[in-house]
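Peer 1: I'd like to ask you about the structure that follows.
Laboratory data are not the source of any read-out in this text; all were calculated from the coordinates shown. Just so we're clear, the structure is a prediction, and the values are computed from it rather than from any experiment. Please note: Cβ atoms are built from the backbone with ideal geometry, for glycine as well, and neighbour counts cover all protein chains shown.
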Amino acid sequence: MNSDTGNSHFLRFIAYLQVIGIILVVLGHSFHEYPDGVMGHSLLAYRMLYSFHMPLFMFISGFLMVYTAKATSEKTAASISKFVRKKIERLLLPFVVLTVITFVPRAMMSGMADDVFELSASSFLRAFIYSENIPIPYFWFLQASFILLVFNYIVLSLGRKAGINSVVLFPSVILFFIFLPFAPVDFGTEFSLNEAVRLGVYFVSGCAYARFRQNIDRVVPWASIPFLLLLTVLWAVLFFATEHTGYVMACSFFGILMCISLSKILEARDARFIDHLVGANYLIFLLSWFCNVASQQILHHFVELPWWCYTILSLVSGIYVPWLCYRYLCAHPDSRWVKATALLLGQSLNKRKG
């Protein structure tokens, strides 16, 4: 989820795509106080946002897996075990640490929250296994990402070693994930397996784009504003045509393409107004929940404001409080406390500015 902005293989457009993605994620978590009884789910803006923003995150993860593996392979061919260990440190360690930290306060906040968290040993154990029992609800993404990263890294590595041409290998894996949800198997919520199955096609599509990017970019006018407008119109039309149907995947893909085009335009025009957020996206993802809860559920418990005030506070604090934490960590990379914190949060300390 976090590009290495300090190496020679840095791609500005994918960094911008990450920033766009994390802003949309925090925004999606900021409609909680909309007075419809279902945390804003009936809002058109909310539904349109959720038609593509998590598929976009999975697409980025797949892209970065292939792109960074290709870049680092020039120096060393990392083994599968090394890859898995790095992903445990990057994804599962922060998941465990923040779940442990959050569990007791989350259970004690049951009076303010939407659902009750039982303060018991069994509930604590379920928090690490079942996605619906995770104290920070959207941390299912860390579990699903880990499954998809490890599975696809192994499959693609074995495919290459077997001599399977990329033109055959990548479409084959994409087709596998397209049809997997229809398999006569009950993919449960254990370790968010159901979400990994649902979003796997976007992850592998990101892998495929990373592999064939140069060929694709030669023929697709990503940085054209008319092209961006066309993609936006197609996404919006498909949203209304496919919502609540089995064809919503088409809408999700056009939402992803729309965001790629926007990030390419920002890169081509050297629009640096979001550069300050580059590199901070992972820490924003990990910590924004605390700001969302404080600025919506807790604040609303004591102060009565229009719903949109809570939304604005949640969005701004959810982005910039974690960003300040990121800037602090980067400003003190030699501190033992900072190194330990960065390790526990799976955060690489980036000394490059903007």
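Peer 1: Which order, highest average first, do 13-24, 128-139, 163-174 follow once you tally other Cβ atoms within 10 Å for each residue and take the mean per peptide? Display every interim value, and only then the final one.
Peer 2: Values: 13-24: 23.1, 128-139: 18.1, 163-174: 14.2.
The densest-packed peptide leads the list: 13-24, 128-139, 163-174.
Peer 1: Here is a further query. At 7 Å along Cα-to-Cβ for each site, give me the label-to-label distance between F151 and S120 in nm.
Peer 2: So the label points at F151 and S120 sit 3.2 nm apart.
Peer 1: Could I ask something else about it? 5 Å is the cut-off here: which amide hydrogens, built 1.01 Å from N in the peptide plane, fall below it relative to I164, excluding neighbours closer than 5 in sequence?
Peer 2: HN-HN under 5 Å from I164: empty list.
Peer 1: For the chain, what does the helix formula give at 222 nm: sum of -39500 (n - 2.57) over DSSP H segments with n ≥ 4, over the residue count, nearest 500 deg cm²/dmol?
Peer 2: Values: 15 runs with 226 residues, N = 354.
Result for the chain: -21000 deg cm²/dmol, rounded to the nearest 500.
Peer 1: Where in the stretch 188-219 does the amide nitrogen come within less than 19 Å of the point 7 Å from the Cα of I80, taken along Cα to Cβ?
Peer 2: The answer is 204, whose backbone nitrogens lie closer than 19 Å to the label point.
Peer 1: Quick one: check the C-alpha center-to-center distance for the stretch 126-157 versus the stretch 182-259, whole angstrom.
Peer 2: 19
Peer 1: Also, I was wondering about something else. Between E132 and F187, how many nm apart are label points set 7 Å from Cα along the C-beta direction?
Peer 2: Once both label points are built, they end up 1.8 nm from each other.
Peer 1: Continuing with this model, one more query. Explain nothing, just compute: Karplus ³J(HN,Hα) = 6.51 cos²θ - 1.76 cosθ + 1.60, θ = phi - 60°, for every residue of the stretch 122-128 in order, whole Hz, x for Gly and Pro.
Peer 2: 5, 5, 4, 5, 5, 4, 9
Peer 1: Going through the cross-link list K86/K339; K87/K339; K82/K264, which pairs have a Cα-Cα distance over 23 Å in this structure? If you can, show how the numbers build up before the last one.
Peer 2: Working: K86/K339 16 Å; K87/K339 18 Å; K82/K264 33 Å.
With Cα atoms farther than 23 Å apart: K82/K264.
Peer 1: Dipole of the stretch 184-230 (Lys/Arg Cβ +1, Asp/Glu Cβ -1, origin at the Cα centre): which of A223, G206, T189 lies farthest to the positive side?
Peer 2: A223
Peer 1: Something else about it: Enumerate the calculated ³J(HN,Hα) couplings along the stretch 329-338 in order (Karplus 6.51 cos²θ - 1.76 cosθ + 1.60, θ = phi - 60°), each rounded to whole Hz, writing x wherever the residue is Gly or Pro.
Peer 2: Result, rounded to whole Hz: 4, 5, 7, 10, x, 8, 6, 4, 5, 5.
Peer 1: Then there's this: Which shape class, rounded, prolate or oblate, goes with the stretch 196-354 when its Cα gyration tensor gives a ≥ b ≥ c as root eigenvalues, a/c under 1.5 marks rounded, and past that a/b bigger than b/c marks prolate?
Peer 2: Values: a/c = 1.92, a/b = 1.31, b/c = 1.47.
Oblate, since a/c reaches 1.5 and b/c is not below a/b.
Peer 1: Tell me, what ³J(HN,Hα) does each residue in the stretch 214-227 have, in order and in whole Hz, if you take phi through Karplus 6.51 cos²θ - 1.76 cosθ + 1.60 with θ = phi - 60° and put x for Gly and Pro?
Peer 2: Going residue by residue, I get 4, 5, 5, 5, 6, 10, 9, x, 3, 7, 8, 5, x, 5 Hz, with x marking Gly and Pro.
Peer 1: Output the peptides 280-286, 188-194, 120-126 sorted from most to least packed, where packing is the average of other Cβ atoms within 10 Å over each peptide's residues. Walk me through the numbers before you get to the answer.
Peer 2: On the way: 280-286: 24.6, 188-194: 17.0, 120-126: 12.1.
Descending mean neighbour count gives 280-286, 188-194, 120-126.
Peer 1: Can you list residues from other chains, or at least 5 along the same chain, whose modelled amide H is less than 5 Å from the amide H of Y130?
Peer 2: Excluding prolines and chain starts, which carry no amide H, the hits are F191.
Peer 1: Would you mind computing, in nm to one decimal, how far apart the modelled labels at A331 and T232 are, each placed 7 Å from Cα along Cα→Cβ?
Peer 2: For A331 paired with T232, the spin-label model returns 3.6 nm.
Peer 1: I would also like to ask the following. Roughly how many debye, to the nearest 20, is the charge dipole of the chain about its Cα centre, given +1 on each Lys and Arg Cβ, -1 on each Asp and Glu Cβ, and no other charges?
Peer 2: Roughly 1640 debye for the chain.
Peer 1: A further question follows. Could you tell me which of rounded, prolate or oblate describes the chain, using a ≥ b ≥ c as the square roots of the eigenvalues of the alpha-carbon gyration tensor, with rounded for a/c under 1.5 and, failing that, prolate when a/b is larger than b/c and oblate otherwise?
Peer 2: Values: a/c = 1.32, a/b = 1.24, b/c = 1.07.
Since a/c stays below 1.5, the shape of the chain is classed as rounded.
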